[in-house]
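The values are calculated or read from the model by the stated rules, or taken from the named source; none is laboratory data. What you see is a predicted model, and the numbers here were worked out from it, not measured in a lab. Reconstructed Cβ throughout: ideal geometry from the backbone, glycine too, with neighbour counts over all protein chains shown. Surface areas here come from the heavy atoms of the whole protein model, side chains and all, with no ligands, DNA or RNA. Shrake-Rupley method; radii C 1.70, N 1.55, O 1.52, S 1.80 Å.
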Amino acid sequence: MSEERKVVTALFCDLVGFTALSESADPEDVDRMLTRYFAMARSAIEAFGGVVEKFIGDAVVGVFGVPAAHEDDPERAIRAGLRIAEEAEHLTSLDGGPLRLRVGINTGETLVRLWVVPGSGERFLAGDAINTASRIQSVAPLMGVAVGQSTYDATRAVFEYADLPPAVLKGKTKPVPVFHAIAPRARLGTDVTRVHDGPFVGREIDLALLKGVFDKTVAASTVQLVTIVGEPGMGKSRLVAELSRYVDSRPELVTWRQGRCLAYGDGITFWALSEVVKAHAGILDSDDSEQASAKLEAVLPDTQRAWYRQRMLPLIGVAAASTAEREELFAAWTGFLEHVADDGPTVIVLEDLHWADEPMLDFLEHLADHATGVPLLVVGTARPELFERHSSYGSGLRTATSITLAPLSDDETSRLISGLLDAVAVPAEVQVDVLERAGGNPLFAEEYLRLLRDRGLLVLAGTSWALTPDADVPLPSTVQALLAARIDTLTPDAKALVADAAVVGKVFWDGALTAMSGTDAATVTAALRELTRKQLVRPARRSSIADQHEYAFWHVLTRDVAYAQLPRTARATKHLAAADWIEQTSLDRVEDVADVLAYHATSALDAAI
């Protein structure tokens, strides 16, 4: 596809008083000042995974969510905006004072021209989200970041906000709610948004296995490496939280340290290990180099202290990267963790290993293979992409265990729903609706129910819950972002195939995709195998159409997100192609599929109008 509808977050940054200052300034001075400003803004935007769409005069337009979506694009945009405001204090304006600016951020649906290179000068995006970000910037506090309602809704748990008066913006018929983003509540958004207060359902066997590995680690003083694998929302972090509760219930003292691999930023290769070391030494982000060094010194092994110090200081950001060979660094880091575990059972949790660089994974394998004689359990959480990027990770290690989280069964999801609604009677229509939309994903079920209650669409009437009549249920923004990010990880061919399948419906056939895409059957089969492995689609045991392989989306929400990304022109064309294939395969019983043909024909007409 050459175009795609995407939910993006736009950042618009503009200097204050630039026109008046530049009027009497030398053009070369103006150019030098703008060059420094543009470089700083570009660096901040790209550091958080965004792209600079263009520079307009003294304004910078950044976009998050293209070419690939991320589940936290609004958060990334605000962090970039706050960094721009902070860094501007260190730049000099034309009058000799610090640079003054405002930042506006807005999230919304846009049409993206996929073939255009951002920053090339050609029109890249179309939609109200960009214009509204510009308008919001005009009412932002001086040196502050203002965001629109949709961005605020997606990040209100992540940042500290102050209300601003509703703004009368050009082109808007009503005042627009605007919010002032002051500061993040935590270093990472997941630190404050991850809540584990729902019932623990369907993971009892997985937890028993994880507990068993921990017990073995303690009893035999061995090093064990466990990787918990699952799609977003399947409960990896919840399983770790349940292990933490189990560890806390034991009589002996257990050291528990956590780190997280980052998807963006500078110097992140060993970030997760750095967090573990800092946590053990009690090093705070506010500590200066001298304080951090002293705290590290206090927890180093007594033997070869200077040798360890030289190889540990780079991990906490005090010294430049060590010139020691990698094997020597790995030996030092392994020895340090053995020293930690010498004092008693130790659990190291490393989250989001799918973002880890190759050297970090190599170190974990080195640790699992070389550390001995201490009770050390290393638990990693990862999405299946980890093994797509690093297929051999953990293979061949005697101490490695993998726990793969499967979707919940319908019975388990029903128990989860009842638990989330406090065991009050749940009507069948609510159960069926959530079961279909969640597809066995506990996070999707929780977010869907939360949205229904927050919007007043699911109400408690006496002792039973009920959906309001004719409730138009939207897609939770958190789920939409997760699924859009997953779809964007696919190859272009596989992504195009998902779009074709979304037009056919929740259930589709390989022959339909072959006909709609104009691709040979072998290529379609290979792509469907990839999508099945990624648990985006699943094959049916029996097909409802002879000589065709039938598939279905794991989650109807995945189908909804993929369909929503299609521009109207593409929808119309694909609906007509789907109708043509269905008619050709049903010539002797076309009356039986008349309603399906009518659906595709009317959908094509609606999209074409």
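Taking a ≥ b ≥ c as the square roots of the eigenvalues of the Cα gyration tensor, the chain is oblate, since a/c reaches 1.5 or more and a/b is not larger than b/c. Under 5 Å from the amide H of VAL16 lie the amide H atoms of ARG100, LEU101, ARG102, each residue being 5 or more positions distant or on a separate chain, with H modelled from the backbone and absent for Pro and chain starts. Charge dipole of the chain (Cα centre as origin; +1 on each Lys and Arg Cβ, -1 on each Asp and Glu Cβ, all else neutral): 460 debye, rounded to the nearest 20. Remark: accessible surface ordering of TRP256, TRP465 (largest first) is TRP256, TRP465, probe radius 1.4 Å.
The residues of the chain have, on average, 45 Å² of accessible surface per residue, using a 1.4 Å probe with all protein chains present. Computing FRET efficiency as 1/(1 + (r/R0)^6) for ARG194 and THR569, where r is the C-beta to C-beta distance and R0 is 45 Å, gives about 0.65. May I ask which residue of VAL145, GLY57, ALA494 lies farthest towards the positive end of the charge dipole of the chain, with charges of +1 (Lys, Arg) and -1 (Asp, Glu) on Cβ and the Cα centre as origin? Of the listed residues, the answer is VAL145.
Charge dipole of region 433-520 (Cα centre as origin; +1 on each Lys and Arg Cβ, -1 on each Asp and Glu Cβ, all else neutral): 280 debye, rounded to the nearest 20. Using just its DSSP H runs of length 4 or more, each adding -39500 (n - 2.57), the chain gives a mean residue ellipticity at 222 nm of -14500 deg cm²/dmol after division by all residues. Across region 62-77, coupling constants 3J(HN,Hα) worked out from phi with the 6.51/-1.76/1.60 Karplus curve, θ = phi - 60°, read x, 9, 10, x, 9, x, 10, 7, 10, 5, 10, 4, x, 5, 4, 5 Hz, and Gly and Pro carry x.
The phi torsions of region 453-459, fed into the Karplus equation with coefficients 6.51, -1.76 and 1.60 and a -60° offset, translate into couplings of 6, 5, 8, x, 8, 10, 10 Hz, rounded to whole numbers, with Gly and Pro shown as x. Largest to smallest in accessible area, the residues GLU231, GLU388 fall in the order GLU388, GLU231 (1.4 Å probe, all protein chains included). With a Förster radius of 41 Å applied to the C-beta separation of SER244 and HIS90, the computed FRET efficiency comes to 0.50. Placing +1 on the Cβ of every Lys and Arg and -1 on the Cβ of every Asp and Glu, with no other charges, gives region 472-515 a dipole of roughly 100 debye about its Cα centre. With contacts taken as Cα pairs under 8 Å at a separation of at least 6 residues, the chain carries a relative contact order of 12 percent. Figure note: LYS170, LYS506 ranked by solvent-accessible area, largest first, 1.4 Å probe, ligands and nucleic acids not counted: LYS170, LYS506.
The residue among LEU531, ALA552, ALA601 whose Cα reaches farthest toward the positive pole of the charge dipole of region 518-609, with charges on the beta-carbon of Lys, Arg, Asp and Glu, is LEU531. Is region 408-511 best put as rounded, prolate or oblate by its Cα gyration tensor, with a ≥ b ≥ c the root eigenvalues, rounded for a/c under 1.5, and otherwise prolate when a/b is larger than b/c, oblate when not? The shape class here is prolate. Coupling constants for region 269-277 follow from the phi torsions by the Karplus curve (6.51 cos²θ - 1.76 cosθ + 1.60, θ = phi - 60°), and in residue order they are 4, 10, 4, 4, 5, 4, 4, 4, 5 Hz; glycine and proline get x. For region 366-419, the calculated P(r) over all alpha carbon pairs, in 5 Å bins from 0 to the bin holding the longest distance, is 4, 13, 19, 16, 13, 12, 9, 8, 5, 0 percent. Along the positive direction of the dipole of the chain (beta-carbon charges: Lys, Arg +1; Asp, Glu -1; about the Cα centre), which of SER391, ILE205, PHE18 reaches farthest? Most positive-ward Cα: ILE205.
Quick check: at a probe of 1.4 Å, how many percent of the accessible area of the chain sits on carbon and sulfur atoms?
On the way: 14230 of 27570 Å².
The value for the chain is 52 percent carbon and sulfur by accessible area.
Working from label points 7 Å from Cα in the Cα-to-Cβ sense, the LEU457 to LEU605 distance is 2.7 nm.
Classify region 491-534 as rounded, prolate or oblate, taking a ≥ b ≥ c as the square roots of the eigenvalues of its Cα gyration tensor: rounded when a/c is under 1.5, otherwise prolate if a/b is larger than b/c and oblate if not. Note, shape of region 491-534 comes out rounded.
Here ALA25 and GLN304 are evaluated by their C-beta separation; at R0 = 45 Å the FRET efficiency comes out at 0.15.
For THR110, the residues 5 or more places off, or on other chains, whose built amide H falls under 5 Å of its own are LYS6, VAL7, VAL8.
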